[in-house]
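Written below as structure tokens is the structure these notes are about.
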Amino acid sequence: MNTLIELFETSVGKYPDRPLMWEKTNGEYVPFSYKQLQSEVYAFGAGLLTLGIKKGDRIGLIAEGRVDWLVSELGMFYAGAVNVPLSIKLDAGTEIAFRLKHSGAKMVIASWTQAEKVEAILSDLPQVEKIIYIDEIPEEAPHRITFKSIKEAGRKYLEDGENQKTFEKVWREIGPDDLANISYTSGTTADPKGIMLSQHNYAENVRQANTLMTITPEYKTLTILPWDHSFAHTACLYCFMYNGASIAGQEIGKTPMETLKNIPKNINEIKPDILMSVPALSKAFRKNIESAIRAKGKFTEKLFNAGLKVKYAYNGLGFNRGKGFRAFLKPLAFVFNKILFSKIRANFGGNIKFFIGGGALLDIELQRFFAAIGMPVMQGYGLSEASPVISSNSLDAHKFGSSGKLVKYMDLKICDDDGKELPLGEKGEIVIKGGNVMLGYWKNEKATAETIKDGWLYTGDMGYMDKDGFLYVLGRFKSLLIGNDGEKFSPEGIEEALVDQSPFIEQCMLYNNQNPYTTAMIVPNIQAINRELESRNVKPGSGEGLRVAIEIIQQEINAYKQGGKFEGMFPVRWLPTTWIILPESFNEDNHLLNSTMKMVRGKITEYFADELKFLYTGEAKNIYNEKNLERFAKWYD
């Protein structure tokens, strides 16, 4: 299996009548079989040929996950074109425009929710000849064409026997090294780069990923991650297709919030066996579960916490679940599972075997929580440059805190700053080699040469392998804290702990660039702080309230220092010595979060340059400094 075309054709041959896609139509989910989708793909691919699309032409695709997204991408492949998948969270002005210009996209396929963004920048995109509307067009214009009309033209084209031969010749000549996608990085540390992923890159990564876990043709999943996301793209769409399983698109609402609110309903309609998740979603699911438990009263809440305690002890670290003394807890674990946790799982459709977690590192406490309620999150690791799957936990091999075992048919080594391979257990840069490694960065030979050396992909992530063959990922090298003595440390574990363990800290970013001490920029959870103030009979927003709010934040940091309940979790030197409350959150509107909800560190340090400068002054060491008092007061304004 060398191309995605070959993968698709093979699966159609094996599973012609099984549902490949489920889509909400007139209020209910309707199945589309592998054979049906093949007919649609042929029609769209042939239709693109009638528009003059040639091998290697790039076409942008910006739409929600749905049948026509998959038909669009596969149709492009069959016509020899390259998909430039775009996140629906991107803004038109800079982000979409940059990607379309840089890739040289000849056309753009857009859903009704996204077409306006493309229309708004069309005058700046002279190379874009057509906007292909998946849905109805607002009014006729020379540059607008409907998805439906292209398929109609394709079907008519294929009625001629010679045209059929031409079309088949085009797609049969698509080879392993031909480009499938130019997938742009989210730009957490610099301008986005166009990752060139070949047909073979994806096909090989599907083969690799299937060495980690088993998906059967009966399995269903609901795609709650955007399809341009490399994790959802490979691990969901093509891994499920490879196994004859089926994929349901999320019900699209009139607004992003409405679409988000459809998730619980859609889960219960589809009853998925597996869900793909990222930390932000996992955290939201946990909050919803705990809120529902609290709403049932104190007795249920106490019962739930007791059940968690038992299951945490029974599960151990995952790999030693129920072993040794834990075997004695099995009857009690069974009871809590039966009377309590099974009811929680019923709210997720009742068929969930596990989540697959990707996108970023998931806090170990969250892993323990979901394992306890019987819906474990199998944390994995990958990056778009690797198509993207590199490792994952599975039901057969699960260790909390790790990113699991490596896929087969890929080599990995851990290297020091000079590129020298380190012994087992030592921390360094994760470096991989295999058929899943990208071809390079589009129009960026310098970045390609810095990232791929002698066929080895230098991931920019720090980690180590343990003696049991589990990979531990510690964070991005480019986000490392660097002390004034040159020592380095990844801040992500501390940041996640502060946010996850504290109800009073909503967001946090640590900073140290060869300075004497580490600092923190903090976004408070003002509602949680207000509840705490009221429980202490302190008026929120008052002079006393502002000072007590500052003390509350300091206490949360002190919990990781000597004498605190989390003492020893992190080296003291990397905990923040000074901190400042920020006047606004990190979000997509101010571009301090990217489309995958990760902090864009470079932009944050620029945006809050004055705050960082202040944090290295003597005044900042007084937590009741004027800036902290002002910033907290601003949150009440």
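Residues considered: Tyr511, Tyr517. Of these, the only one that is surrounded by 19 or more Cβ atoms within 10 Å (Cβ to Cβ) and under 32 Å from the mean Cα position of the chain (by Cα) is Tyr511. For the residues Ile581, Ile552, Ile557, the requirement of being in contact with an Asp or Glu (Cβ under 8 Å, 6 or more places away or on another chain), within 27 Å of Thr617 (Cα to Cα), among the hydrophobic types (A, V, I, L, M, F, W, C) and in the same structural domain as Asn625 (by TED's automatic domain parsing) singles out Ile552. Of Pro217, Pro226, Pro176, all but one fail to be modelled with pLDDT of 95 or more, assigned to a loop (DSSP other than H, G, I, E, B) and either acidic (Asp, Glu) or within 30 Å of Glu269 (Cβ to Cβ) (or both); the exception is Pro217.
Does Leu237 satisfy the condition of being under 19 Å from the mean Cα position of the chain (by Cα), assigned to a strand (DSSP E or B) and crowded, with 23+ Cβ neighbours inside 10 Å? Spelling it out, it is not the case that Leu237 is under 19 Å from the mean Cα position of the chain (by Cα), assigned to a strand (DSSP E or B) and crowded, with 23+ Cβ neighbours inside 10 Å. In the set (1) crowded, with 19+ Cβ neighbours inside 10 Å; (2) touching a strand residue (DSSP E or B) at 6+ places or on another chain (Cβ under 9 Å); (3) in contact (Cβ under 8 Å) with a residue 60 or more places away in the chain; (4) more than 30 Å from Gly460 (Cβ to Cβ), Gly154 fails one condition alone, (2). In the stretch 104-113, the residue that is surrounded by the fewest Cβ atoms within 10 Å (Cβ to Cβ) out of those that are at pLDDT 95 or above and either in a strand (DSSP E or B) or under 23 Å from the mean Cα position of the chain (by Cα) (or both) is Ser111.
Checked against (1) touching a strand residue (DSSP E or B) at 6+ places or on another chain (Cβ under 7 Å); (2) among the aliphatic types (A, V, I, L, M); (3) within 21 Å of Ala232 (Cβ to Cβ), Leu90 passes all but condition (1). Hey, can you tell me all the residues within the stretch 29-67 that are without any contact (Cβ under 8 Å) to a residue 24 or more places away in the chain and either buried (at least 24 other Cβ atoms within 10 Å of the Cβ) or of a type outside the set (S, T, N, Q) (or both)? Answer for the stretch 29-67, where residues must be without any contact (Cβ under 8 Å) to a residue 24 or more places away in the chain and either buried (at least 24 other Cβ atoms within 10 Å of the Cβ) or of a type outside the set (S, T, N, Q) (or both): Val30, Lys35, Gly52.
Of the residues making up the stretch 124-146, those that are among the hydrophobic types (A, V, I, L, M, F, W, C) and either outside any loop (DSSP other than H, G, I, E, B) or not assigned by TED's automatic domain parsing to the domain that holds Val108 (or both) are Ile131, Ile132, Ile145. Within the stretch 89-103, how many residues turn out to be over 15 Å from Ala180 (Cα atoms) and surrounded by 20 or more Cβ atoms within 10 Å (Cβ to Cβ)? Here the count works out to 5.
Restricting Lys338, Lys311, Lys343 to residues that are touching a Phe, Trp or Tyr at 6+ places or on another chain (Cβ under 9 Å), in a helix (DSSP H, G or I) and among the basic types (Lys, Arg) narrows the list to Lys311. In the stretch 617-630, the condition of being crowded, with 18+ Cβ neighbours inside 10 Å and under 32 Å from the mean Cα position of the chain (by Cα) is met by no residue.
Just one of the listed residues (Asn315, Asn347) is within 26 Å of Gly404 (Cα to Cα) and polar (S, T, N, Q), namely Asn315. For the stretch 553-607, the set of residues classified as among the acidic types (Asp, Glu), part of a helix (DSSP H, G or I) and surrounded by 14 or more Cβ atoms within 10 Å (Cβ to Cβ) consists of Glu556 only. For the stretch 240-259, filtered to residues that are assigned to a loop (DSSP other than H, G, I, E, B) and not polar (S, T, N, Q), the residue that is farthest from Lys14 (Cα to Cα) is Lys254.
The values are calculated or read from the model by the stated rules, or taken from the named source; none is laboratory data. Given the structure is predicted, the values throughout are model-derived calculations rather than measurements. No Cβ is skipped: glycine too gets one built from the backbone with ideal geometry, and neighbour counts run over all protein chains shown.
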